[in-house]
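Down below is the structure, laid out as structure tokens.
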Amino acid sequence: MQHCTIGSFELTALSDGTYFLDGGGFFGVIPKTLWSRKVTSDDRNRVVSGLNSILVRTGEKNVLIDTGIGNKLSEKMVEIFGQPAKLLENLSAAGVAPEQIDVVINTHLHFEHCGWNTIRQNGTVKPTFPKATYYVQEGEWRHAHEGQRDSVSYLNENYDPLVESGQMKLLRGNQEIVPGISAEVFSGHTRDMQAVLIQSGGKTACYISDLIPTSSHLDLNWVMAFDLYPVESIESRKRYYSRAIPENWLTMFTHDPEVVWAYVEKNAAGKIVARGSVPAKT
Ligand SMILES: [Zn+2]
């Protein structure tokens, strides 16, 4: 389990384990001859993907960013992706009970980012974090019901019961959620995916979610085939780097099984690279 501080906030990387993704899907139009130099694939062309959530302890609030795959996948999905379900034990190891989470922020609602939002108990679906207020963009929640190309990635029981009960708040655009923690929309992966900015004591960290899923995706053009709007992903990355590099933001990688966070910089050849990376632990 990795810790760091951003000003007076304490950040802990909490893994829900790892799962498999198709290597071609992960790297889009980039030829395998290039991506295979960075990431190994198995005999089914699958690569190992991390599930890194972040717990932020501000001193006032416990904030959880993204909630992994959870434990409600169908048998078929378990066959394809696996279902490691480690987040709650890692949360417990960090000394925090589910009842002590005050805020849950979902960057978007694909199943591997909001799976632990809810649990199934005696045939009904209940919030895993009973006292938390959950946040996502309203446009993302609407998109979850649009039945578009990525509809297979949306499982309504991860969010609809929370929206119905009023426990999940739907945001319209950028907004500060608690002092020092704000949501900012970066389109591309989905239209309304939000990153989470964590700012304290003049320092900034950013959970950039699927806009830059791993440290192997730092190159502007290495966007995933899963992205609904890949050209917008590239524009959003430009906007992100134009602030993250000069302002020395710590970038957090949601799907990197090795590197949970790193500072990014432009090297002498003009390539975006990571420095000071910290290994992830499952
Ligand atoms: Zn996604």
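Here the gap between Lys271 and Leu220, fully extended at 0.36 nm per residue and compared with their Cα-Cα distance, gives a gain of 17.5 nm.
Remark: the Cα gyration tensor places segment 1-127 in the oblate category, a/c being 1.5 or greater and a/b not exceeding b/c. Computed over protein heavy atoms with a 1.4 angstrom probe, the accessible surface ordering of Met193, Met77, Met1, largest first, is Met1, Met77, Met193.
Counting every alpha-carbon pair across segment 34-77, the share separated by more than 17 Å comes to 61%. Counted over segment 121-204 with a bin width of 10 Å, the fraction of Cα pairs per bin, in whole percents, is 15, 42, 33, 9, 1.
For the chain, the number of Lys pairs separated by eight or more positions or lying on different chains, with C-alpha atoms closer than 18 Å, is 10.
Karplus-based coupling profile of segment 205-219, in residue order and whole Hz: 10, 9, 8, 8, 6, 6, 5, 9, x, 9, 6, 7, 10, 6, 4, with θ = phi - 60° in 6.51 cos²θ - 1.76 cosθ + 1.60 and x standing for Gly or Pro. Evaluated with a Cβ-only charge set (Lys, Arg +1; Asp, Glu -1), segment 1-87 carries a dipole of roughly 180 debye about its Cα centre, given to the nearest 20.
Looking at segment 130-282 alone, DSSP beta bridges between its own residues are antiparallel in about 75 percent of cases. Take the chain, connect every pair of alpha-carbon atoms lying under 10 Å apart with a spring to form a Gaussian network, then pick out the residue of Pro161, Pro31, Pro179 with the largest mean-square fluctuation. Result for the chain, Cα springs under 10 Å: Pro31 fluctuates most. Counting only DSSP H runs of at least 4 residues, each contributing -39500 (n - 2.57), and dividing by the residue count of the chain, the helix-based mean residue ellipticity at 222 nm comes to -5000 deg cm²/dmol.
Here Thr124 and Glu235 are evaluated by their C-beta separation; at R0 = 45 Å the FRET efficiency comes out at 0.60. Here the contact order of the chain, divided by its residue count and restricted to Cα pairs under 8 Å and six or more residues apart, works out to 19 percent.
By DSSP, the beta bridges lying fully in the chain are antiparallel in about 80 percent of cases.
With the charge dipole of segment 123-282 set up from +1 on Lys and Arg Cβ and -1 on Asp and Glu Cβ about the Cα centre, the Cα lying farthest toward the positive end among the listed residues Val196, Pro130, Asn156 is that of Val196. Think of segment 37-150 as having a plus end and a minus end, set by charges on the Cβ of Lys, Arg, Asp and Glu; of Gly68, Gly139, Leu109, Gly68 sits farthest toward the positive end of this dipole.
Return the single residue from His145, His189, His255 with maximal mean-square fluctuation; model: Gaussian network over the chain, springs between Cα atoms under 10 Å. Between His145, His189, His255, it is His145 that shows the largest mean-square fluctuation.
About the centre of its Cα atoms, segment 32-189 shows a dipole size close to 360 debye [charges on the beta carbon of Lys, Arg (+1) and Asp, Glu (-1) only; nearest 20 debye]. Tell me, what HN-Hα J-couplings in whole Hz come from the Karplus equation 6.51 cos²θ - 1.76 cosθ + 1.60 at θ = phi - 60° for each residue of segment 137-154, using x for Gly and Pro? The phi angles translate into 6, 4, x, 5, 5, 5, 4, 4, 9, 7, x, 8, 3, 9, 4, 4, 8, 10 Hz. Charging the Cβ of each Asp and Glu at -1 and of each Lys and Arg at +1, and nothing else, the dipole of the chain about its Cα centre rounds to 540 debye. In angstrom, the C-alpha Rg and Dmax of the chain are 17.5, 58. Computed from backbone phi with θ = phi - 60° and the Karplus coefficients 6.51, -1.76 and 1.60, the 3J(HN,Hα) list for segment 47-55 is 10, 7, 10, x, 9, 9, 9, 10, 9 Hz; x is used for glycine and proline. Result for the chain in a Gaussian network model with C-alpha springs under 10 Å: among Ala97, Ala183, Ala269, the largest mean-square fluctuation is at Ala269.
The values are calculated or read from the model by the stated rules, or taken from the named source; none is laboratory data. Small disclaimer: the values here were computed from a predicted structure and weren't measured. Counting neighbours? That spans all protein chains shown, and the Cβs are built from the backbone with ideal geometry, glycine included. Accessible surface areas use protein heavy atoms only, side chains included; no ligands, DNA or RNA. Shrake-Rupley method; radii C 1.70, N 1.55, O 1.52, S 1.80 Å.
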